[in-house]
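I have placed the structure first, in the form of structure tokens, so that the comments after it can refer back to it.
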Amino acid sequence: METDWNSVQYFKKSEFSDPDKMNPELIKALDIYRRLVGNPVIIHSSYREGDSGQHGKGNAVDIHVKGISLIDAYLLAEKTGLFNGSGVYSWWNSRGLHLDVRPLKKDVPKARWASDRTKHYIGLNWFFIRKVYELEKKENENGKQV
Ligand SMILES: [Zn+2]
């Protein structure tokens, strides 16, 4: 099944590296997410040829949201209830989220994680959230746009 791009409100086909290989469920979820956040959602990475993870299955995107904090972007993604995998990446040039619609196995919870440096994964915990919050607060004080 392919995405009916005419029914997608906020994203253009050209924003995805190989749009026909993207899971239509993910595009739909992203569109709902974009409406909820009310700010531009920038796609960093989508389908990746040869990737053994969710990107290689067309189930995942890496994104950031303009104008809101990373933690808010994460919490709003949670609010949709549509993403079975989500990761919070504080070290990207534009700090952002990995969001995916991986199929869930019975009795396996949705995947949630954080990454504070390259190839380093930690649980999404209060210490991490606090660190990101402080980082963004400092940037705001210095006048840097999120
Ligand atoms: Zn990703």
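Each reported figure results from applying straightforward, stated rules to the coordinates on display, with no laboratory input. Keep in mind that what you see is a predicted model, and the values were worked out from it rather than measured. Don't worry about glycine lacking a Cβ; one is built from the backbone with ideal geometry, like all the others, and counts go over all protein chains shown.
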Going out from 0 in 5 Å bins, what whole percent of all Cα-Cα distances in the chain drops into each bin? 2, 10, 19, 23, 21, 14, 8, 3, 1, 0
When the chain is fully extended, how far beyond the present Cα-Cα distance does Glu25 get from Lys138, taking 0.36 nm per residue of separation? 37.0 nm
Tell me, Phe16, Phe11 in order of fewest to most beta-carbon neighbours within 10 Å? Phe11, Phe16
Enumerate by residue number the trypsin sites (Lys or Arg not before Pro) in the stretch 1-94 meeting two conditions: DSSP loop (anything except H, G, I, E, B), and at most 13 other Cβ atoms within 10 Å of the site's Cβ. Lys12, Lys66
J(HN,Hα) series, the stretch 129-139, from Karplus relation 6.51 cos²θ - 1.76 cosθ + 1.60, nearest Hz, glycine and proline x: 4, 4, 4, 5, 4, 5, 4, 6, 5, 4, 5
Excluding exposed DSSP-loop GluC sites (Glu not before Pro) (at most 13 other C-beta within 10 Å), longest clean stretch of the chain: 50-146
Full extension between Lys12 and Phe127 adds, at 0.36 nm per residue less the Cα distance, a length in nm of 37.7 nm
So what is the relative contact order for the stretch 5-141, in percent, with contacts set as C-alpha pairs under 8 Å and at least six apart? 18
